[in-house]
Amino acid sequence: MSHFTTVETKINDLVALKRALADLNIQFTEAEVNQECFVKGYQGQTTGALMSIHMSKSYDIGVKVDAKGNVQFVADWWGVETTRGWAEEEFIKKVTRRYSYHKVMAEIQKRGYTLENEEVKEDQTVQIRVRTWS
Amino acid sequence: MAAKTDIMFTIDEAGNITITVENVKGKDCTSITKELEEAFGIVVDRQFTSEYYQQAESGRVSIKLGGE
């Protein structure tokens, strides 16, 4: 029986995802072209994925991309939580939050918007104000 | 003469993005947000000021990326 469970996300930009992981000080390995890297799970079981996020010595979270281009995270979430202390929801929330920041910044740059102001509110909400001319 | 448009991106604790466009007429506002929506993900909420249909000045779009 496989202990790996897949979680769907709306993450579709791997560059922004890698920046988010770096912000959170999480190590990861990327597969070579046309290859897969190992994702470790319960009792040394492995599965293949595009990227392997190293959450602890014995547990990884795999990154797969679905037909629509959205990222799926595959892991033995129990093992990740037990060894790293991050539940599945917490991991998704932390990564998505940093991902959204980098995705917004990338779009701002791509569209040539001028950054006016960036602020982190007390409730951890991030506000980014830009200006454009049309 | 060029018109300036201010755009505010708000990212909440769960990673949901809200885009608020200011100083722009209704239809242009929709075209600005539409491109951004496509880049980010699905839209869960779309609000316009009551003046939207009569040369509105701002609009807001919320994009859900995080969990429930």
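Once R0 is set to 35 Å, what does the formula 1/(1 + (r/R0)^6) return for the Cβ-Cβ distance between residue A:58 and residue B:13, expressed as a FRET efficiency to the nearest 0.05?
In this case the efficiency is close to 0.75.
Going 7 Å from the Cα of residue A:82 in the Cα-to-Cβ direction, what parts of segment A:1-20 have a backbone nitrogen less than 13 Å from that spot?
Hits in segment A:1-20 for residue A:82 at 13 Å: A:3-4.
Might you report the magnitude of the Cβ-based charge dipole of segment A:52-134 about its Cα centre, with Lys and Arg at +1 and Asp and Glu at -1, to the nearest 20 debye?
380
Hey, what number do you get for chain A at 222 nm if only DSSP H runs of n ≥ 4 count, each worth -39500 (n - 2.57), divided across all residues, to the nearest 500?
Calculated mean residue ellipticity at 222 nm is -10000 deg cm²/dmol.
Every number in this text was worked out from the coordinates using simple rules, so none of it is lab data. The shown structure was predicted, so the numbers you read here are calculated from the model rather than taken from an experiment. Heads up, the Cβs are rebuilt from the backbone with ideal geometry, glycines too, and the neighbour counts pull from every protein chain shown.
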